[in-house]
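Quick notes on the structure that follows.
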Amino acid sequence: MSTAPPVAVARLADQLGIDPVEQLAAHPACDAADLSDAEMHETDRAFHATLVASAGNPVVADLYNALRDKQMRITAMARTHAVRPRITQQHAHLADALRDGDPELAKSRLREHLLGTVRAFGVAGGPYLDPDSDV
């Protein structure tokens with residue numbers, strides 16, 4: 001896995017003419033059946049870092065990268081085979097919505113994905129993850 005900061009990856013992809021949405025759609029986190037649990041954990045983190053970096057906001061990307069350790073602890077559940085099919089399917093659905101140019105569907109799928117994670121920990125998702133939120 002690459003250890004380059006997400007902003008650097010996004011800039012390089014732009015320079016090379018790589019479409020970040022296509023990069024997400026082809027990301028191993030969308031079909032991780034052949035990965036070990038440890039590889040899935042890192043792949044999940046890399047998928048989210050790529051998603052954040054593709055938004056093109058270096059401040060948000062740097063903030064996300066700074067929170068990497070916390071996110072690694074939160075997504076430790078992605079290592080288990082029991083939840084892997086749900087997580088990889090959610091990644092694929094999110095990437096498909098982005099590739100199809102449907103921001104509302106992408107927002108809905110991202111919320112669903114994030115809510116699944118916070119619910120697994122028995123905590124509320126907050127107003128930004130409320131499906132009825134306009135945010």
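The values are calculated or read from the model by the stated rules, or taken from the named source; none is laboratory data. If you're wondering where the values come from, they're calculated on a predicted model, not measured in any experiment. Glycine gets a Cβ as well: all are built from the backbone with ideal geometry, and neighbour counts include every protein chain shown. Accessible surface is based on the protein model in full, side chains and every heavy atom, while ligands, DNA and RNA are left aside. Shrake-Rupley method; radii C 1.70, N 1.55, O 1.52, S 1.80 Å.
In the stretch 83-135, which residues are polar (S, T, N, Q) and at pLDDT 85 or above? Answer for the stretch 83-135, where residues must be polar (S, T, N, Q) and at pLDDT 85 or above: T88, Q89, Q90, S108.
If only residues of the stretch 51-62 that are at pLDDT 85 or above and within 17 Å of D96 (Cα to Cα) are counted, the one that is surrounded by the fewest Cβ atoms within 10 Å (Cβ to Cβ) is V52. List the pairs whose first member sits in the stretch 105-117 and is among the charged types (D, E, K, R) and part of a helix (DSSP H, G or I), whose second member is modelled with pLDDT of 90 or more and open to solvent by 60 Å² or more (accessible area, probe 1.4 Å), and whose Cβ atoms are under 8 Å apart, counting only residues at least 6 apart or on separate chains? Sorted first by the residue in the stretch 105-117, then by its partner, the pairs are R109/H93.
One line per residue, one yes/no per condition, for (1) at pLDDT 80 or above; (2) not in a helix (DSSP H, G or I):
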| position | (1), (2) |
| --- | --- |
| S2 | no, yes |
| A10 | no, no |
| A13 | no, no |
| I18 | no, yes |
| A29 | yes, no |
| L35 | yes, yes |
| E39 | yes, no |
| D44 | yes, no |
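Filtered by the rule that a residue be of a type in the set (S, T, N, Q) and either over 19 Å from Q23 (Cβ atoms) or open to solvent by 60 Å² or more (accessible area, probe 1.4 Å) (or both), the stretch 78-120 gives T80, Q89, S108, T117.
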